[in-house]
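Undergrad: So that we are looking at the same thing, I have put the structure below in structure tokens.
Every number in this text was worked out from the coordinates using simple rules, so none of it is lab data. Since the model is a prediction, treat every value here as computed from it, not as a measurement. No Cβ is skipped: glycine too gets one built from the backbone with ideal geometry, and neighbour counts run over all protein chains shown.
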Amino acid sequence: MENFEPNIVAFCCHYCAYAAADLAGSSRIQYPPNVHIIRTPCTGRLEVDYFMKAFENDADGVLVAGCEEGSCHFKEGNLLAKRRVNYTRDLLSESGLEAERLRMVNVSAASAQKFAEIVRDMVETVRKLGPARQKSLTTKP
Amino acid sequence: MIVAERKSIPELIEILKRHKKILVLGCGTCVTVCLAGGEREVSIIASALRIASRVHGLGFEVDELVIERQCDNIFIEQAAEAIQKCDAVLSLGCGAGVQAIAERYPQKPVYAGLNTAFLGILEERGVWAEKCAACGLCVLDKYGGICPVTRCAKRMLNGPCGGSREDRCEVRPDRPCAWQLIYTRLKGIGQLDRLKQIESPKNWGPSLSGGPRVIIREDHRV
């Protein structure tokens, strides 16, 4: 467990979080390499199935990063995503995984530092929870 | 349409735990429209079962399939191969679909993955409301197209009950009073005189009280 490096999938909105991640890179701001970024046109495009498939395919944590509330490029895509994330968190709990493994955050395109902090916090949170795959050793239905 | 909602994952695990190879079988009709058992929901439930199996060490092998209509033998045939391969079927169809599959495959365990709730319509995005109780003897013609059997909590045929607050039902304040709706509707179509007629007690024989129902059309039988 000490050497466990979490596998985090981050769905990042093209108009904000993806730009923030890009800016973090350009600004030489360090954040853990555990995060695999997937660019999406809007977090409102994401569906419950996407998050479930990520966990099914060995993700230990999933980050959904959209625009600040009220600033969505498509008006309310981030608010739709928030509801879907909340629904999926319940579904994950029912399935035996901690809801904390899925997190929705709001990041503006200029918030490179904030993006790096969010990734660091997410990696540490999931590192403490342990690998999603090996929970079978400790839990019962 | 028939409206249903999914059972919880712990419930499904309890139902399926004695099996290994599981087919999650969706239906492309009513339960697809009410977002309970279509292609997307089959994929989500199958993923949840795989994750739960991994977390709890249940050893499930979960397969997925969606057919156009589970309540029709013509379409059930399309699932034959997948059903043969699995140990058990988790049907995400309505109660009729589950039973149609079970009748067709007497040797195969078939379980309901949904709770079939009611006959209703989509009122607004994400909200389905009951409109018909399938009572077998429709009275909608007398009430301006608003069903007091289904939508009045007290099923009053001679309403209103007097307990409503403004236009809200006394029993469920989140729902409108059916009798307020009936009054407004009859007024709108100029048939308020209908409310002066006293309705005699309803014949519940054609409803569930009369036992399992069947409709036979001799002109269509072969």
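Undergrad: In region B:153-165, which residues are loosely packed, with under 15 Cβ neighbours inside 10 Å, without any contact (Cβ under 8 Å) to a residue 12 or more places away in the chain and assigned to a loop (DSSP other than H, G, I, E, B)?
TA: B:Gly162, B:Gly163
Undergrad: Then there's this: Taking region B:87-134, which residues are out of contact with any strand residue (DSSP E or B) (no Cβ under 9 Å at 6 or more places or on another chain) and of a type in the set (Phe, Trp, Tyr)?
TA: none
Undergrad: Let me ask you something else. Count, please, the residues in region B:11-36 that happen to be within 15 Å of B:Ile101 (Cβ to Cβ) and either in contact with a Ser or Thr (Cβ under 8 Å, 6 or more places away or on another chain) or without any contact (Cβ under 8 Å) to a residue 60 or more places away in the chain (or both).
TA: Of the residues in region B:11-36, 5 are within 15 Å of B:Ile101 (Cβ to Cβ) and either in contact with a Ser or Thr (Cβ under 8 Å, 6 or more places away or on another chain) or without any contact (Cβ under 8 Å) to a residue 60 or more places away in the chain (or both).
Undergrad: Could you run through region A:61-93 and say how many residues are small (Gly, Ala, Ser) and surrounded by fewer than 19 Cβ atoms within 10 Å (Cβ to Cβ)?
TA: Residues that pass the stated criteria total 3.
Undergrad: Go through the residues of region A:19-26 one by one and say whether even a single one is within 12 Å of the chain's Cα centre (by Cα) and either free of Cβ contacts under 8 Å to residues at least 24 places away in the same chain or under 27 Å from B:Glu64 (Cα atoms) (or both).
TA: Checking region A:19-26: not a single residue is within 12 Å of the chain's Cα centre (by Cα) and either free of Cβ contacts under 8 Å to residues at least 24 places away in the same chain or under 27 Å from B:Glu64 (Cα atoms) (or both).
Undergrad: Residues that are within 23 Å of the chain's Cα centre (by Cα) and within 14 Å of chain A (Cβ to nearest Cβ), at least 2 per element: which helices (runs of 4 or more DSSP H) completely within region B:1-116 meet that?
TA: Fully inside region B:1-116 and qualifying: B:9-16, B:39-56.
Undergrad: Counting just the residues of region B:168-190 that are surrounded by 13 or more Cβ atoms within 10 Å (Cβ to Cβ) and in a loop (DSSP other than H, G, I, E, B), which one comes out farthest from the chain's Cα centre (by Cα)?
TA: B:Glu170
Undergrad: Tell me, which strands (runs of 3 or more DSSP E) lie completely within region A:27-141 with 1 or more residues that are within 14 Å of another protein chain (Cβ to nearest Cβ) and within 12 Å of the chain's Cα centre (by Cα)? Steps first, answer last, please.
TA: On the way: elements: A:35-40, A:61-66, A:102-106.
Where strands (runs of 3 or more DSSP E) fall fully within region A:27-141 and carry at least 1 residues being within 14 Å of another protein chain (Cβ to nearest Cβ) and within 12 Å of the chain's Cα centre (by Cα), they are A:61-66, A:102-106.
Undergrad: Further question: Keeping to region A:36-80, report how many residues are without any contact (Cβ under 8 Å) to a residue 12 or more places away in the chain and of a type in the set (Lys, Arg).
TA: 2
Undergrad: Moving to a separate point now. Take region A:6-26 and flag every residue that is in a loop (DSSP other than H, G, I, E, B) and out of contact with any Asp or Glu (no Cβ under 9 Å at 6 or more places or on another chain). Spell out the reasoning first.
TA: Taking region A:6-26 as the starting set, the residues that turn out to be in a loop (DSSP other than H, G, I, E, B) are A:6-7, A:14-16.
Hits for region A:6-26 are A:His14, A:Tyr15.
Undergrad: When you look at A:Pro33, is it under 26 Å from A:Ala132 (Cα atoms) and touching a residue at least 24 places away in the same chain (Cβ under 8 Å), yes or no?
TA: Spelling it out, it is not the case that A:Pro33 is under 26 Å from A:Ala132 (Cα atoms) and touching a residue at least 24 places away in the same chain (Cβ under 8 Å).
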